[in-house]
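Okay, structure first, notes after.
The values are calculated or read from the model by the stated rules, or taken from the named source; none is laboratory data. Quantities reported herein were computed from a predicted structural model and do not represent experimental measurements. Reconstructed Cβ throughout: ideal geometry from the backbone, glycine too, with neighbour counts over all protein chains shown.
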Amino acid sequence: MNAPAEKINLTYPIKDTHSLKITNSLPDMGNGPISVGPYIQSEYFEKEKQKVFSRAWINMGRVSDLIPKPGDYVVRDLDVLGFTLLLIHGTDGVIRGFHNICPHRGNGLAIRESGNARTLVCTYHGWSFNLDGSLKHVVGEESFPAFDRADYGIPKITTDVWNGFIFVNAQEHPEQSLVEFLGGLGKDLENFPFNDFNHIARYSAHVGVNWKSFIDAFHEAYHLIMVHARSFPHMAVKPGVWLPTSVRLHGPHHSVSVWADPDHKASPAEALAWKYGAAFTPGKDVPLPGLNPSADDNWWFDINTFFPNFFIDVGSGWYFTYNFWPVSVDETIWEMNIYQLDAKNAGQQIAQEYTKCLLRDVLYEDLSTMERLHKAMHSGALKTILPGTFELAVRHQHWTVEQWVNS
Amino acid sequence: MSKRLPESFAALASFTDKWVVSTEAERHLARLTAGMDELRSLYDAMLPRMEAIIEYLNGFDLKKLSEENRNLLILSFSFIEVSTSIEFFKSPTVPDGFDFRRFKVWK
Ligand code: FES
Ligand SMILES: [Fe+2]
């Protein structure tokens, strides 16, 4: 895994703009076709559940969105992990994760999707629990002769918080702490002011495609040429935008910086957004710690892919996240959340509205190809796919899944 | 009944019924299900006034906008909402895009 850095200096056909910088050592991932098997085989999906999702730290969202106040709780069915998660914001401020299970005889403890409580009371026989998971009260406790209260807390799920993001790990004792797991990518984003941002939009869709293909639509810019030809009319056809300015591999994760076209022509609405605030498209840079880690010229934004299924893309005054939830080998639920710095006036808020609407419409374009290509993979006629250098991150994601599945 | 706007922008009154709706989901659905003529008339009426609207609204505390000013701000959001249809897509929906009935807008 620690092969010497491969020199990639792609100057053609990008000779007038930039060559790709790769700052970390690049493993030997090959450069040939990739079998479609892992995208369509149920057996492979079962292995992914065990070897990838049950071992990695999995992002659940932000404290501020899910359970901002002490006593807040939220319940999430995690099909891919085979359990239902109960996240609780304790009165002591600690975020804890549990199985949504009453240890008496197994009723679901929280029966609503979310709420605020000081005590959780089981709706079957009334056992109650403190927010730290410990048993509080048993109705008719004397009727349980062989009974040690300490054995009857809510079953725990390993949970930790990084920069306001909640992660869970299906292992009782994870091989790596959350910070170790996030590694260099976590470090690069350590000082990004996530807490200064407001949540402004949430989108989701249930799509008939394997989770890996879904992810692959979001960490390369090669597809701009066709998929986004309408929404980025001038930039989409420029070879410069297809090739990242830099790629950083951080163990299983990676970060890709996208080139900004210095001759980008703003539409009338977009020009308003840039005049009075900030927009998604390239304009003026709003410097924030953690952006543009390789100090690229003509930098647009960074795509940060946290293995296995979470993105935090960061740009000038905005960031957004994607979570990809595998439902089966053939289905994925996708969620997007957009965050912006506090708008100080109406002009800034109107500019933020522009970023939000444009991103959302761009997503309709991105999602359009998914079910077609999944069908193609099932047809038997498509045996392999071929990611090129523009799509280095696609190859890295696929290669990393393979490494984990075969470990 | 049209919703109230600040006096200097009263010319936009005819758009308020449909386009002064407070959530993104409502504005988005209004756009997706409108005809291009309708989107075009909102866009054409708003674009030349947008700078004046922003300069005007920037004079107020965003957190304490009066009802008229709030309506004007939301109408501006609707201008932004329809702008991609006019400027990029030439269509209320995203051409060849994912089915909007399967795309959930939460806010
Ligand atoms: S199952 Fe919860 S109290 Fe019996
Ligand atoms: Fe895209």
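Looking across the stretch B:55-83, just one residue is touching a Leu at 6+ places or on another chain (Cβ under 7 Å), farther than 14 Å from B:Phe15 by Cβ, free of Cβ contacts under 8 Å to residues at least 40 places away in the same chain and in a helix (DSSP H, G or I), and that is B:Leu57. In the set A:Val227, A:Val247, A:Val256, only one residue is hydrophobic (A, V, I, L, M, F, W, C), within 14 Å of ligand 2 (Cβ to nearest atom), touching a strand residue (DSSP E or B) at 6+ places or on another chain (Cβ under 6 Å) and in contact (Cβ under 8 Å) with a residue 40 or more places away in the chain; that residue is A:Val256.
Look at the stretch A:118-134: where a residue is more than 18 Å from A:Lys69 (Cβ to Cβ) and a partner is in a strand (DSSP E or B) and of a type in the set (S, T, N, Q), sitting 6+ places away or on another chain with Cβ atoms under 8 Å, you get A:Val121/A:Ser128; A:Cys122/A:Ser128; A:Ser128/A:Thr119; A:Phe129/A:Thr119. Taking the criterion of being in contact with a strand residue (DSSP E or B) (Cβ under 6 Å, 6 or more places away or on another chain), of a type in the set (S, T, N, Q), in contact (Cβ under 8 Å) with a residue 60 or more places away in the chain and within 19 Å of A:Ser316 (Cα to Cα), would at least one residue in the stretch A:332-342 satisfy it? Checking the stretch A:332-342: at least one residue is in contact with a strand residue (DSSP E or B) (Cβ under 6 Å, 6 or more places away or on another chain), of a type in the set (S, T, N, Q), in contact (Cβ under 8 Å) with a residue 60 or more places away in the chain and within 19 Å of A:Ser316 (Cα to Cα).
Restricting the search to the stretch A:32-74, which residues are more than 22 Å from A:Trp211 (Cα to Cα) and either among the basic types (Lys, Arg) or over 16 Å from the mean Cα position of the chain (by Cα) (or both)?
Correct list: A:Ser64, A:Ile67, A:Pro68, A:Lys69, A:Pro70, A:Gly71, A:Asp72, A:Tyr73, A:Val74.
Of the helices (runs of 4 or more DSSP H) lying entirely inside the stretch A:152-242, those containing at least 3 residues that are modelled with pLDDT under 95 and over 25 Å from A:Ala110 (Cβ atoms) span A:239-242. Could you run through the stretch B:58-76 and say how many residues are under 15 Å from the mean Cα position of the chain (by Cα) and facing another protein chain (nearest Cβ under 9 Å)? Within the stretch B:58-76, residues that are under 15 Å from the mean Cα position of the chain (by Cα) and facing another protein chain (nearest Cβ under 9 Å) number 4.
Suppose we filter B:Glu81, B:Glu87, B:Glu51 for residues that are within 17 Å of the chain's Cα centre (by Cα), crowded, with 21+ Cβ neighbours inside 10 Å and within 8 Å of another protein chain (Cβ to nearest Cβ); which single one remains?
B:Glu81
Being modelled with pLDDT under 95, more than 16 Å from ligand 1 (Cβ to nearest atom) and either part of a helix (DSSP H, G or I) or not assigned by TED's automatic domain parsing to the domain that holds A:Phe197 (or both) narrows it down to one of A:Leu363, A:Leu373, A:Leu392, so name that one. That would be A:Leu392, the only listed residue that is modelled with pLDDT under 95, more than 16 Å from ligand 1 (Cβ to nearest atom) and either part of a helix (DSSP H, G or I) or not assigned by TED's automatic domain parsing to the domain that holds A:Phe197 (or both). Please verify whether A:Asn304 is touching a His at 6+ places or on another chain (Cβ under 8 Å), buried (at least 23 other Cβ atoms within 10 Å of the Cβ) and modelled with pLDDT of 95 or more, treating the condition exactly as stated. So A:Asn304 fits the description; yes. Of all the listed residues (B:Thr93, B:Thr16), the sole one being within 26 Å of A:Met235 (Cα to Cα), among the polar types (S, T, N, Q) and surrounded by 15 or more Cβ atoms within 10 Å (Cβ to Cβ) is B:Thr93. In the condition set (1) in contact with a Pro (Cβ under 9 Å, 6 or more places away or on another chain); (2) farther than 24 Å from A:Ser368 by Cβ, A:Trp300 is compliant with all but (2).
When A:Asp151 is tested against (1) within 15 Å of ligand 1 (Cβ to nearest atom); (2) within 14 Å of chain B (Cβ to nearest Cβ), only condition (2) is not met.
Within the set A:Ser294, A:Ser379, the sole residue that is free of Cβ contacts under 8 Å to residues at least 12 places away in the same chain, farther than 23 Å from A:His228 by Cβ and surrounded by fewer than 21 Cβ atoms within 10 Å (Cβ to Cβ) turns out to be A:Ser379. Do we find a residue being under 17 Å from A:Tyr354 (Cβ atoms) and in a helix (DSSP H, G or I) anywhere in the stretch B:90-101? No, the stretch B:90-101 has no match at all. Screening the stretch A:98-119 for residues that are outside any strand (DSSP E or B) and of a type in the set (A, V, I, L, M, F, W, C) and picking the one that is surrounded by the fewest Cβ atoms within 10 Å (Cβ to Cβ) gives A:Ile111. Just so you know, in the stretch A:70-97 the residues that are outside any strand (DSSP E or B) and of a type outside the set (A, V, I, L, M) include one that is nearest to ligand 2 (Cβ to nearest atom), and it is A:Asp79.
Can you pull out every residue in the stretch A:64-89 that is farther than 22 Å from A:Cys102 by Cβ and surrounded by 20 or more Cβ atoms within 10 Å (Cβ to Cβ)? If the condition is that a residue be farther than 22 Å from A:Cys102 by Cβ and surrounded by 20 or more Cβ atoms within 10 Å (Cβ to Cβ), then A:Val80 is the only one that fits.
In the set (1) at pLDDT 95 or above; (2) touching a Leu at 6+ places or on another chain (Cβ under 9 Å); (3) assigned by TED's automatic domain parsing to the domain that holds A:Met370, A:Leu66 fails one condition alone, (3). Just name the residue that is nearest to ligand 1 (Cβ to nearest atom) out of those in the stretch A:197-239 that are over 22 Å from the mean Cα position of the chain (by Cα) and crowded, with 20+ Cβ neighbours inside 10 Å. Looking at the filtered set, the residue picked out is A:Ser231.
When A:Asn191, A:Asn210 are screened for being touching a helix residue (DSSP H, G or I) at 6+ places or on another chain (Cβ under 8 Å), in contact (Cβ under 8 Å) with a residue 60 or more places away in the chain, polar (S, T, N, Q) and away from chain B (no Cβ under 14 Å), only A:Asn210 passes. The condition of being within 30 Å of B:Asp61 (Cβ to Cβ) and either surrounded by fewer than 19 Cβ atoms within 10 Å (Cβ to Cβ) or over 19 Å from the mean Cα position of the chain (by Cα) (or both) holds for only one of A:Tyr354, A:Tyr339, A:Tyr319, that being A:Tyr354. Within the stretch B:2-37, how many residues turn out to be assigned to a helix (DSSP H, G or I) and not basic (Lys, Arg)? Residues flagged as assigned to a helix (DSSP H, G or I) and not basic (Lys, Arg) within the stretch B:2-37 amount to 21.
Restricting the stretch A:120-132 to residues that are assigned to a loop (DSSP other than H, G, I, E, B) and surrounded by 20 or more Cβ atoms within 10 Å (Cβ to Cβ), which is farthest from ligand 1 (Cβ to nearest atom)?
A:Leu131
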